[in-house]
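> Attaching a single structure in structure tokens format; questions to follow.
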Amino acid sequence: MTVNIADRHAAPTAVTVVERPRLPVRHQIAIEVAPHEQDVGRARHKLRETLISWGTEDGENLRSAELVASELLTNAIRYAPREEMALTAAEGAGSLLIEVEDGGNPSSAPTIQQGVAADAVSGRGMLIVDAMADEWSWRPLPNGGRGTWAVLPWPGGVAR
């Protein structure tokens, strides 16, 4: 999948709260993640293994899911860490929902940064998520913190 993210938004953008979609879930997994950047790779690897075990063999879809999960996790760890974080993935009805629960302010939206320098090593996470996802938003969590989620188009796999 090739995505042009350069002109997607003209100004800094905050997303308003949108209720997380309710998919008819065929498969679901929750992965506990420690608030350390080195744990992003471990969670991404576990997500990939899980998606393959669900019957997904499309490399492009796997890479998209890994990238979105990685960006959501990295943002959570950098800007809203808490001791107990979780990466959740749920697949069904041609969609894959990926959510990261973090310590973010439950009344504050994640933002899409604008004007990030071409040689910057960070600052594009939510812009990438926005470009790849069919939709994304956030929700306050009942126990405090915030859940940031994205829905990707998903061909599904063979139920195993």
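> Quick check on my filter: what residues within region 43-61 are at pLDDT 95 or above and surrounded by 15 or more Cβ atoms within 10 Å (Cβ to Cβ)?
ALA43, ARG44, LYS46, LEU47, ARG48, THR50, LEU51 - these are the residues of region 43-61 that are at pLDDT 95 or above and surrounded by 15 or more Cβ atoms within 10 Å (Cβ to Cβ).
> Within region 9-42, take every residue that is within 21 Å of PRO155 (Cβ to Cβ) and surrounded by fewer than 16 Cβ atoms within 10 Å (Cβ to Cβ) and give me the one that is modelled with the highest pLDDT.
Ranking the qualifying residues of region 9-42, first place goes to GLN28.
> Just name the residue that is modelled with the highest pLDDT out of those in region 105-160 that are of a type in the set (Val, Ile, Thr) and out of contact with any Phe, Trp or Tyr (no Cβ under 6 Å at 6 or more places or on another chain).
Across region 105-160, the extreme among qualifying residues is VAL151.
> Would you check if LEU87 is farther than 26 Å from SER107 by Cβ and at pLDDT 90 or above?
Spelling it out, it is not the case that LEU87 is farther than 26 Å from SER107 by Cβ and at pLDDT 90 or above.
The values are calculated or read from the model by the stated rules, or taken from the named source; none is laboratory data. Bear in mind that the values here come from a model prediction, so they are computed numbers and not experimental data. All Cβ positions, even for glycine, are placed from backbone atoms using ideal geometry, and neighbour counts span all protein chains on display.
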